[in-house]
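One structure is given here, and the rest of the page talks about it.
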Amino acid sequence: MKTSSALITVILSLAIASCSAGGNRSVSSYEQLPDDDYRRLIAKAIMNDDPGMFASLCRYPIEREYPLHDIEDSAMMVKYFPTLVDDSLKRVISESTPDDWGEFGWRGSSLADGEYIWCDEGVIYSIPYQSAQEKSMLDSLMRSYYAFMPSRYASGWKPETCYTDSIGTVYRIDRKENGEEYLLTTIRQKDGAIDLSTARSLPGTLEIQGSAATHVYSFSDNDSTIWMIMYFPYEEVTVLSREGDGQSDTSIPLTKAYWHDLIRNNPS
């Protein structure tokens, strides 16, 4: 059977039209960004599997969901890059267009309304995206976390964060799953080891204040004393203050810690 030249022409025309219609989104649309746009540099680092370049574009620390460790510096980012950057993130980056990078005033710009990456002044300062490997790591850490929790917290609670002060007191904050309840557990260290017999828990709440999203945890003691742990994201500072019964304690600076490390390194 012979195919007419007219039919061949129609088939070729349809094929070309089809390719042209889908081309803008299928072939690295991020390359439409100007050469001097730092968002293009971010995309290139991800698409080219270049951990060194990507690390140089970040402002540290880059927070990860607790109890994953935050990424503290560029050397740590280079090692963590294969864990963070997976095929799903690459696909989003590859298909992104300039319109997918929105401007949010003083907060800078973000990809997909803040779902993946936040940038400001030419650097990445937040990565909300979680890779499949990170999610698996979180599941493993959670199982370990519950294994060391008192039985009354064995279910229904999840770790929020953890801090220590200069004298070694541990301040662990847990959050009620599917709720707004928080729990502060203070634990002393004795001879460099966690002393679980000193654990003391206080109920509380969280309020996120202002455009800078300052986290203010408030916990009530039996003697009407209020314990407040305040985290200032843009200053990267956390302080503890106590007030009540006509007295006010001086704010105490806190350092972020990881409960599973404290237990592993200082078993009691």
- Task: Filter the range 64-101 down to the residues that are in contact with a strand residue (DSSP E or B) (Cβ under 7 Å, 6 or more places away or on another chain) and part of a loop (DSSP other than H, G, I, E, B), then identify the one that is surrounded by the most Cβ atoms within 10 Å (Cβ to Cβ).
- Result: Ser96
- Confirm whether Ser211 is in contact with a helix residue (DSSP H, G or I) (Cβ under 9 Å, 6 or more places away or on another chain), small (Gly, Ala, Ser) and over 25 Å from Gly192 (Cα atoms). yes
- Note on the structure: Going through the range 74-102 in order, the residues found to be among the acidic types (Asp, Glu) and over 19 Å from Ile62 (Cα atoms) are Asp87, Glu95, Asp99, Asp100
- Message: Can you say whether Ile263 is open to solvent by 50 Å² or more (accessible area, probe 1.4 Å), of a type in the set (A, V, I, L, M, F, W, C) and either closer than 20 Å to Asp70 by Cβ or not in a loop (DSSP other than H, G, I, E, B) (or both), as far as the supplied structure shows?
- Response: no
- Task: Could you identify the single residue in Ala212, Ala199, Ala154 that is modelled with pLDDT of 80 or more, among the hydrophobic types (A, V, I, L, M, F, W, C), open to solvent by 20 Å² or more (accessible area, probe 1.4 Å) and farther than 20 Å from His69 by Cβ?
- Result: Ala199
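Where in the range 178-238 are there strands (runs of 3 or more DSSP E), lying fully within it, with 2 or more residues that are under 29 Å from Gly108 (Cβ atoms)?
Details: elements: 182-187, 200-209, 214-220, 226-232.
So the answer is 200-209, 214-220, 226-232.
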- Which ones in the range 108-118 are touching a residue at least 24 places away in the same chain (Cβ under 8 Å) and open to solvent by 80 Å² or more (accessible area, probe 1.4 Å)? none
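Could you pull out the residue among Arg175, Arg188 that is under 17 Å from the mean Cα position of the chain (by Cα), open to solvent by 20 Å² or more (accessible area, probe 1.4 Å) and at pLDDT 90 or above?
Matching residue, one of Arg175, Arg188: Arg175.
Per-residue answers, yes or no, for (1) within 18 Å of the chain's Cα centre (by Cα); (2) modelled with pLDDT under 95:
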position	(1), (2)
Arg40	no, yes
Asp50	no, no
Arg59	yes, yes
Thr83	yes, no
Arg91	no, yes
Glu95	no, yes
Ser109	yes, yes
- Note on the structure: If we ask which residues in the range 119-151 are open to solvent by 30 Å² or more (accessible area, probe 1.4 Å), assigned to a loop (DSSP other than H, G, I, E, B) and either modelled with pLDDT of 80 or more or in contact with a Pro (Cβ under 7 Å, 6 or more places away or on another chain) (or both), their number turns out to be 3
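The values are calculated or read from the model by the stated rules, or taken from the named source; none is laboratory data. In this text the structure is predicted, and so the values were computed from the model without any measurement. Cβ sites come from the backbone with ideal geometry, for glycine too, and all protein chains shown count toward neighbours. Accessible surface areas use protein heavy atoms only, side chains included; no ligands, DNA or RNA. Shrake-Rupley method; radii C 1.70, N 1.55, O 1.52, S 1.80 Å.
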